[in-house]
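Visitor: Structure below; questions to follow.
Please treat every number below as a calculation from the coordinates, not as lab data. Just so it is clear, the structure is predicted and the values come from calculations on it, not from any experiment.
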Amino acid sequence: MGRVSPLAQSGVLLVASLLLGLVLQWFHVPAAFLLGPMMVGIVMGLKGATIRMPPAYFWAANAILGCLVAQRLSLSILSPLLQEWPLVLGILVATLAASGFSGWLLVKFSALPGTTGAWGASPGGASAMVAMSSEFGADVRLVAFMQYLSVLMVTAAAAFVARLSLGETAAHNTAALIWFPALD
């Protein structure tokens, strides 16, 4: 894949992502248009794709995603969080401890180079972990692979658990979803 021009690689990424997303959507896989492109990106990365996103586009995409997440949050979420703060804090500490322990195990008992295992197993934003890992001498490509594979697995697991727990209601809502509504 490294011998193919970046423009052609971008075209392959776009077409393959769209096709896999449509196939997953046809099978009513939850989050099909998130999982499909992520799987294509991982495979292309492993095959040696050399596509690089300009930093301005990367920051713009992060800003848009941040705004989309912030749009869904409201002050009403603070009340349950404050009422259940010991549980929230306990889950946070347990997550950090589990990831720290698994990272330590990867560093201690695997063939991963340097601190790559620790950064790859760390919770948090994948792009932030990749950026920080490069500062500490870890293998950035391997950390990115571990981080995005983790995101893919958690997203898929959450989607399937939601489907199993909601039953036919989830299938009906997914089928009725309008992906690209008209803009007013």
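Visitor: Taking each full run of DSSP H in the chain as one helix, which ones are at least 20 Å long along their axis (Cα atoms) and have mean Kyte-Doolittle hydropathy of at least 0.5?
Guide: Values: long enough: 6-26 (29 Å, 1.65); 32-46 (21 Å, 2.12); 55-72 (26 Å, 0.83); 85-109 (35 Å, 1.60); 140-166 (38 Å, 1.63).
Membrane-span-like by this criterion, though nothing is claimed about a membrane: 6-26, 32-46, 55-72, 85-109, 140-166.
Visitor: Moving to a separate point now. How big, in percent, is the set of alpha carbon pairs in segment 36-76 lying more than 16 Å apart? It would help to have the intermediate numbers written out before the result.
Guide: Details: 479 of 820 pairs.
Summing the P(r) of segment 36-76 above 16 Å gives 58 percent of all pairs.
Visitor: On a full-extension model of 0.36 nm per residue, what is the gain between LEU96 and LEU164, subtracting their alpha-carbon distance, rounded to one decimal in nm?
Guide: Extra length available between LEU96 and LEU164 comes to 21.7 nm.
Visitor: Ignoring solvent entirely, what values of log10 I(q)/I(0) come out of the Debye formula for segment 1-51 at 0.22 Å⁻¹ when each Cα is a single scatterer?
Guide: Computed log10 I(q)/I(0) values: -0.71.
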